[in-house]
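This report refers to the structure that appears directly beneath it.
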Amino acid sequence: MITTLPEAEALYAKLLEQLRPRVRPETAMVGIYTGGVWLAERLHADLDLRVPLGAIDISFYRDDFHQSGLKQDIKRSHIPFEVNDRHILLVDDVLYTGRTVRGAMNELFDYGRPASIELVGLVDRGGRGLPTSAQYVGETTEGPAGPMLVLDRDASGRLSLRYDDERAQ
């Protein structure tokens, strides 16, 4: 179990280093709201991708929607490119149980049938309940089971990580 949180900016640099030789300008990228979109915005710009950036909110695709209800801050999903036969990088900030990734893939398939989907995450904290794994990750680590690991972004765009007991699942 980790006691000190990793430095988000250092993890971002590692992730960018992994992705740079493996993507082409025609690679598509979709971020999952909220932290995944923040991460995808920076990666998209730093990797100089030509395909417009997509963003999705998986609120209606969660398998616990009937239990937790509707979030107050639902964002509009926007996929500004043809999904069919496209190679897509799906970006999330913190990977945990796999349920968010499952919901995001379900939503992507509502837009079409991609040629491939590769998962990108800043932090993979284990605890998988579904068989998902990231092809690109800044760091794999284990943390306490209760609190959520949350990505924050300040006004200048700098990323940081913190634990949030109130958002525990």
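Remarks
- Contact order, relative form, for the chain: 24 percent (alpha carbon pairs under 8 Å, 6 or more residues apart, mean separation divided by residue count).
- Using the Cβ-Cβ distance between residue 145 and residue 13 with R0 set to 22 Å, the FRET efficiency from 1/(1 + (r/R0)^6) comes to roughly 0.20.
- Backbone phi angles across segment 147-163, fed through the Karplus curve with coefficients 6.51, -1.76 and 1.60 (θ = phi - 60°), yield HN-Hα couplings of x, 7, 8, 10, 8, 10, 9, 8, 4, 8, x, 5, 9, 8, 10, 8, 8 Hz in residue order; Gly and Pro are listed as x.
- On the beta carbon distance between residue 73 and residue 97, with R0 = 22 Å, the FRET formula returns roughly 0.55.
- In this structure, the amide hydrogen of residue 31, modeled 1.01 Å from its nitrogen in the peptide plane, lies closer than 5 angstrom to those of 54, 55, 56, 91, counting only residues at least 5 positions away or on a different chain.
- With each label modelled as a point 7 angstrom along the Cα→C-beta vector, the residue 84-residue 163 pair spans 4.9 nm.
- Once the Cβ-Cβ distance of residue 133 and residue 113 is raised to the sixth power relative to R0 = 25 Å, the FRET efficiency obtained is 0.70.
- 5 angstrom amide H check on residue 86, placed H, neighbours 5+ away: 115, 116
- 3J(HN,Hα) along segment 37-54, derived from phi through the Karplus expression 6.51 cos²θ - 1.76 cosθ + 1.60 where θ = phi - 60°, amounts to 5, 4, 5, 5, 4, 5, 4, 4, 5, 5, 8, 6, 6, 8, 5, x, 6, x Hz, with x in place of Gly and Pro.
- Phi-derived couplings, Karplus 6.51 cos²θ - 1.76 cosθ + 1.60 at θ = phi - 60°, listed residue by residue for segment 99-107: 5, 5, 4, 4, x, 5, 5, 4, 5 Hz, with x used for Gly and Pro.
Bear in mind these aren't lab numbers, they're just calculated from the coordinates by the rules spelled out. Just so you know, these numbers come straight off a predicted model, no measurement behind them. FYI the Cβ positions are ideal-geometry reconstructions off the backbone, even for glycines, and counts take in every protein chain you see.
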